[in-house]
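S.K.: My structure is below; once you've seen it, I'll send some questions.
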Amino acid sequence: MDTHFAQRRRRDLIMAGCLTVIAALVPLFVKDVYVQNIMVLTLMYAALSQSWNILSGYCGQISLGHALYFGLGAYTTALLFTKFGVLPWFGMLAGGAISAVIAMALGYPCFRLRGHYFVIATIVIAEIALLLIQNWDWAGAALGIDIPVRGDSWLKFQFTRSKLPYFYFALALACIAWLVTWWLEDSKWGYWWRAVKDNPDAAESLGVVVFNSKMGAAAVSAFLVAVGGSFYAQFVSYIDPESVMGFQFSLLMALPAVLGGIGTLWGPVLGAVILIPLTELTRSFVGGSGRGVDLIVYGTLIVLISLALPRGLVSVFSLRKEAAR
Amino acid sequence: MTAETIIQSLASGLLMGLLYGLIAAGLALIFGLMDVVNFAHGEFLMIAMYATFFLFAYFAIDPLLAAPLVAAALFVFGAVVYLLVVRFAVRAKANAGMVQIFSTFGLAIVMRGLAQFFFTPDYRSVTHSWLGGKTVSVAGIYLPEPQLVGALVSVVAFIALYFFIHRTDFGRALEATREDAGAVALVGIDKNKVFALGWGLGAALVGLAGAIMAIFFYVYPDVGASFALIAYVTVALGGFGSVFGAFAGGIIVGLVEATTALILPPSLKSVGIYAVYLLIVFIRPRGLFGSM
């Protein structure tokens, strides 16, 4: 059993390596800017969803307020850069650190809540932060922040002529999020989290410090999501409260993991690779008229997948493997 | 700030709060019955408001007369949603909570998309109605008539709901199914039928609320989203599993919102509601009257 698990982990790692190499080569053949843009977003959502999955999937604390950390990352980077000239790389780390600390500070009272009370608390906290930023004049209030373009440079993490640097950064981010998850899966934390998810009372009685486990998951998850937010701010070079901290973002972050397979290593990647291109394509082909066809397609898909495959799309692959054996 | 302005805003807050209670009643009823949170609840409200608007625009039916028709239409709609979507969601063998959240949430997106497709994203309003724009003055306090009637409808609806749950066979079947869905099958109650009727009833209540909201609020495809979060907070404040908790929750939400609007800029009025929610669940993790 143990060797089987070790084998699977090694296979996962090799597969991830191969996929990364293939993904890294794709831009050499695909020069279309529109398609590259979709690829960047897909990788970003894969990274975000993978990070969300750590707290909500593995540890079972369903957060529908992760837009808070995404927005914190975006705003920290943008404010430090525009107001104090701090380079985005430092802003990224600062945003991550601030988010991790805030996640633990909020976790302190929130992790006592269970079920829907917890979910609603996460939504409500993100919503309070959104309203406060919308009314914070120094941070641009509802109008947001325009990040001035100072030319192409890795130092300032700004690229106007090509999307490729963003693509490779997003790929690196997705890899990091995946590797962190891969590593945590087989660590003490990983086992604790699954125990907390399945039965917190039993876990507690067996010596798992439930509260600390949740805090750890929240900090890691928030840090990575905030880095994603920093990246997004640089990528779009304009942010406003609604577009980085709105409720929609919390859902968009959760959906790939949910549809791909919540609490699984490959679910978020698979979900993002299918969902994000589909969303973007339906939006540009049928949604341009503003008639909501993209929403109809997207919503129907969510209903059908969640009803037909409660374990997510990864279950299709594992079923086939079971059958082959 | 005079005592008069404070009383004035608390009075309108109370009326709005009773309406919030009515909006949330269906959500609380459905949750109490089968532990499912309907994430399309705001969209149920949205189609009720559209139905009211179109009855007014094409048949010149006043929203007050339309209310029972809209409630009846929503009853059918709610039952159909249960039979087509939710029935399968509650059967999920894995990740049951997730499946319920995201299947109803997907439905919400579809409904919003359909509303945009058929009705366009334009803001519409019921331009003139029996109550629209009128106020009554009671002891120097001005109360807007639509909200006043809405509050009365809410109180009547909750009283009716009380008698319905405690005094009728169907109400008893609801209670019994809620307590033990397996055992009721033994005495010949069809669980699916009870759930479908429960969803119908929950949707009819929000239909009633939508008809009244349409008198004084704009109707547009995303209108539900603004009220859905308030409805969830209302139900959770009262405590999941308690229909009458939603009534108390609504009153608290309305009063807190009015108080916040006195102190903070209007754009921050929801912050008060959310903060009070957090405060209450941090002290009482099951809400005020919750059973779980």
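Laboratory data are not the source of any read-out in this text; all were calculated from the coordinates shown. Here the structure is a predicted model, which means the values were calculated and not measured. Here Cβ is always computed from backbone atoms with ideal geometry, including for glycine, and neighbour counts include all displayed protein chains.
S.K.: Roughly how crowded by other chains is peptide A:107-120, in terms of the mean Cβ count from those chains within 10 Å of each of its Cβ atoms?
M.R.: Numbers: counts 0, 1, 6, 3, 0, 3, 6, 3, 7, 12, 13, 2, 5, 13.
Partner-chain Cβ atoms within 10 Å, mean over residues of A:107-120: 5.
S.K.: Turning to a different aspect of this structure: Please give the average number of partner chain Cβ atoms lying within 10 Å of the Cβ of each residue in B:111-120, rounded to a whole number. Mind showing how you got there, number by number?
M.R.: Working: counts 4, 4, 11, 5, 2, 9, 7, 2, 1, 3.
For this peptide, the per-residue mean of nearby foreign Cβ atoms is 5.
S.K.: Kindly put B:166, B:41 in sequence by how many other C-beta atoms sit within 10 Å of each C-beta, fewest to most.
M.R.: Ranking B:166, B:41 by Cβ neighbours within 10 Å, fewest first, gives B:166, B:41.
S.K.: Kindly put B:213, B:34 in sequence by how many other C-beta atoms sit within 10 Å of each C-beta, fewest to most. Walk me through the numbers before you get to the answer.
M.R.: On the way: B:213 26, B:34 19.
The order, fewest Cβ neighbours first, is B:34, B:213.
S.K.: Given a 10 angstrom Cα cut-off, can you work out which residue in B:113, B:188, B:207 is the most mobile in a GNM of chain B?
M.R.: B:188
S.K.: Principal axes first, then extents: for the Cα atoms of chain B, list largest minus smallest coordinate on each axis, whole Å, largest first.
M.R.: Principal extents (Cα only, largest first): 61, 49, 35 Å.
S.K.: Here is a follow-up. Could you tell me how many degrees, from 0 to 90 and to the nearest 10, lie between the Cα long axis of helix B:63-81 and the main elongation axis, the longest principal axis, of the Cα atoms of chain B?
M.R.: Between the helix axis and the principal axis of chain B, the angle is about 30 degrees.
S.K.: To the nearest 10 degrees, how steep is helix B:41-59 against the longest Cα principal axis of chain B, on a 0 to 90 scale?
M.R.: The two axes meet at around 60 degrees.
S.K.: Using a 10 Å cut-off around each Cβ of peptide A:305-313, what is the average number of partner chain Cβ atoms that fall inside?
M.R.: Details: counts 4, 14, 11, 2, 4, 12, 6, 3, 0.
Partner Cβ neighbours, averaged per residue: 6.
S.K.: Relative to the first principal axis of the alpha-carbon coordinates of chain B, what is the inclination of helix B:145-167, with its axis defined by its Cα atoms, in degrees from 0 to 90 and to the nearest 10?
M.R.: Approximately 30 degrees, to the nearest ten.
S.K.: From the helices alone, meaning DSSP H stretches of at least four residues, give me the mean residue ellipticity at 222 nm for chain A, per-run term -39500 (n - 2.57), in deg cm²/dmol to the nearest 500. It would help to have the intermediate numbers written out before the result.
M.R.: Details: 14 runs with 242 residues, N = 325.
So the calculated ellipticity at 222 nm is -25000 deg cm²/dmol.
S.K.: Still on this structure: Comparing A:82, A:181, A:264, which has the greatest mean-square fluctuation in the GNM of chain A with Cα pairs linked when under 10 Å apart?
M.R.: In this elastic network of chain A, the residue with the biggest mean-square fluctuation among A:82, A:181, A:264 is A:82.
S.K.: For the protein assembly as shown, what D do you get in µm² per second when you plug the Kirkwood radius from alpha-carbon pairs into Stokes-Einstein at 10 °C and 1.306 mPa s?
M.R.: Numbers: Rh = 25.6 Å.
Diffusion coefficient, whole number: 62 µm²/s.
S.K.: Moving to a separate point now. Specify whether the C-alpha gyration tensor of region A:116-253 places it in the rounded, prolate or oblate class, a ≥ b ≥ c being the square roots of the eigenvalues: rounded for a/c under 1.5, otherwise prolate if a/b is larger than b/c and oblate if not.
M.R.: Numbers: a/c = 3.43, a/b = 1.55, b/c = 2.22.
The shape class here is oblate.
S.K.: Just to verify a number: FRET efficiency for residue B:179 and residue A:104, C-beta to C-beta distance, R0 = 25 Å, to 0.05? All intermediate terms of the calculation are to be shown ahead of the outcome.
M.R.: Details: r = 40 Å, r/R0 = 1.58.
After rounding, the FRET efficiency stands at 0.05.
S.K.: Calculate for chain B the 222 nm mean residue ellipticity that helices alone would give, adding -39,500 (n - 2.57) per DSSP H run of length 4 or more and normalising by residue count, nearest 500 deg cm²/dmol.
M.R.: -25000 deg cm²/dmol
S.K.: Moving on to the next point. What residues qualify as long-range amide H neighbours of residue A:158, i.e. H under 5 Å apart, gap of 5 or more or another chain, H built at 1.01 Å from N?
M.R.: A:153
S.K.: Mean Kyte-Doolittle hydropathy of 1.6 or higher plus an axial Cα length of 18 Å or more: which whole DSSP H helices in chain A meet both? Provide the component values of the computation, followed by the final result.
M.R.: Working: long enough: A:2-29 (41 Å, 0.53); A:33-53 (30 Å, 0.77); A:67-84 (24 Å, 1.09); A:88-110 (32 Å, 1.35); A:115-134 (29 Å, 1.89); A:164-185 (31 Å, 1.45); A:210-236 (39 Å, 1.22); A:247-260 (20 Å, 1.73); A:267-286 (27 Å, 1.36); A:293-308 (22 Å, 2.27).
Correct list, ordered by number: A:115-134, A:247-260, A:293-308.
S.K.: Also, I was wondering about something else. What's the exposure ranking of B:137, B:103, going from fewest to most Cβ atoms within 10 Å? List each step's numbers first, then the result.
M.R.: Working: B:137 8, B:103 25.
Lowest count first: B:137, B:103.
S.K.: Can you give the FRET efficiency for residue A:284 and residue B:288, using 1/(1 + (r/R0)^6), R0 = 51 Å, r = Cβ-Cβ distance, to the nearest 0.05? Walk me through the numbers before you get to the answer.
M.R.: Numbers: r = 48 Å, r/R0 = 0.93.
In this case the efficiency is close to 0.60.
S.K.: What does the convex hull of the alpha-carbon atoms of region A:202-325 project to on average, in nm²? Write down the numbers at each step before the final one.
M.R.: Working: hull surface 45.0 nm².
For region A:202-325, averaging the hull's shadow over all directions gives 11.2 nm².
S.K.: Kindly identify region B:1-114 as rounded, prolate or oblate by the Cα gyration tensor criterion: order the square roots of the eigenvalues as a ≥ b ≥ c, call it rounded if a/c is under 1.5, otherwise compare a/b with b/c, prolate if a/b is larger, else oblate.
M.R.: oblate
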